[in-house]
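Novice: Input: one structure, supplied below.
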Ligand code: GRF
């Protein structure tokens with residue numbers, strides 16, 4: 001942890017950044033006992049990055065286009081380390097993390113995914129749920145390992161699929177739950193009252 005003694009979050013995003021904003025609002029309001037150490041985007045024009053600038057948060061980007069994965073990831077790790085980041089939150093970060101990255105922050109990387117994992121991993125999870133005919137979907141906050149959307153689950157929230165739903169309406173209702181449970185999961189991890197039982201993360 002950094003000298004300031006507050007846990008420092010690194011946020012990685014690639015796009016809109018609404019999950020980042022929800023976390024930032026809670027941090028800035030003192031509802032999460034941490035500070036945002038760095039906001040990083042692999043897309044220099046990501047709206048979420050602009051928002052971080054507006055909020056006066058330390059932020060930066062490296063364009064990932066055409067860069068080899070492990071080398072790129074090590075540059076990102078260096079940036080996060082330089083900003084004394086303790087925990088990493090993926091918030092719409094559209095890149096698969098290399099094993100090298102994951103090992104640098106072992107069991108300290110969180111992700112939010114818009115389905116009830118292990119159903120519908122990968123891209124377009126809300127579309128996948130609709131197309132499959134699922135009656136209930138939702139979102140999952142999980143720890144990140146070096147497989148896609150597969151690490152230990154921390155929190156989930158269920159969202160019913162309505163007959164009239166489109167990808168847009170379903171995604172909007174899931175997003176409300178994402179914003180709620182991501183901060184809840186971060187708060188839990190920061191309190192540190194958990195233990196592992198195999199893949200299970202149990203409150204202590
Ligand atoms: C969210 O649906 C999140 O679950 C997924 O990517 C989307 C990012 O949205 N991983 P935003 O950039 O946080 O608004």
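The values are calculated or read from the model by the stated rules, or taken from the named source; none is laboratory data. Since the structure is predicted, the reported quantities are computational estimates derived from the model, not experimental observations. In this analysis, Cβ positions are derived from the backbone assuming ideal geometry, glycine residues included, and neighbour counts consider all displayed protein chains.
Novice: Give me the pairs, please: first residue somewhere in the range 161-187 and farther than 30 Å from residue 202 by Cα, second residue anywhere and more than 10 Å from the ligand (Cβ to nearest atom), beta-carbon distance under 7 Å, and either six or more positions apart or on two chains.
Specialist: Hits for this filter: 165/130; 167/127; 167/130.
Novice: Got a sec? Which of 190, 170, 154, 130 is surrounded by 14 or more Cβ atoms within 10 Å (Cβ to Cβ) and within 13 Å of the ligand (Cβ to nearest atom)? Full working, then the answer.
Specialist: Details: 190 fails: within 13 Å of the ligand (Cβ to nearest atom); 154 fails: within 13 Å of the ligand (Cβ to nearest atom); 130 fails: within 13 Å of the ligand (Cβ to nearest atom).
One residue alone meets the criteria, 170.
Novice: Moving on to the next point. Tell me which residues, restricted to the range 48-82, are within 16 Å of the ligand (Cβ to nearest atom), touching a residue at least 24 places away in the same chain (Cβ under 8 Å) and out of contact with any helix residue (DSSP H, G or I) (no Cβ under 8 Å at 6 or more places or on another chain).
Specialist: 49
Novice: Is there a residue in the range 8-28 that is part of a loop (DSSP other than H, G, I, E, B), over 19 Å from residue 176 (Cα atoms), outside the structural domain of residue 192 (by TED's automatic domain parsing) and away from the ligand (no atom under 14 Å from the Cβ)?
Specialist: Taking every residue of the range 8-28 in turn, none turns out to be part of a loop (DSSP other than H, G, I, E, B), over 19 Å from residue 176 (Cα atoms), outside the structural domain of residue 192 (by TED's automatic domain parsing) and away from the ligand (no atom under 14 Å from the Cβ).
Novice: Now, a different point. In this structure, is residue 100 touching a residue at least 12 places away in the same chain (Cβ under 8 Å), under 16 Å from residue 178 (Cα atoms) and over 15 Å from the mean Cα position of the chain (by Cα)?
Specialist: Details: touching a residue at least 12 places away in the same chain (Cβ under 8 Å): yes; under 16 Å from residue 178 (Cα atoms): no; over 15 Å from the mean Cα position of the chain (by Cα): yes.
For residue 100, the condition - touching a residue at least 12 places away in the same chain (Cβ under 8 Å), under 16 Å from residue 178 (Cα atoms) and over 15 Å from the mean Cα position of the chain (by Cα) - is not met.
Novice: Is it fair to say residue 85 is closer than 20 Å to residue 42 by Cβ and without any contact (Cβ under 8 Å) to a residue 12 or more places away in the chain? Working first, answer last.
Specialist: Working: closer than 20 Å to residue 42 by Cβ: yes; without any contact (Cβ under 8 Å) to a residue 12 or more places away in the chain: no.
So residue 85 does not fit the description; no.
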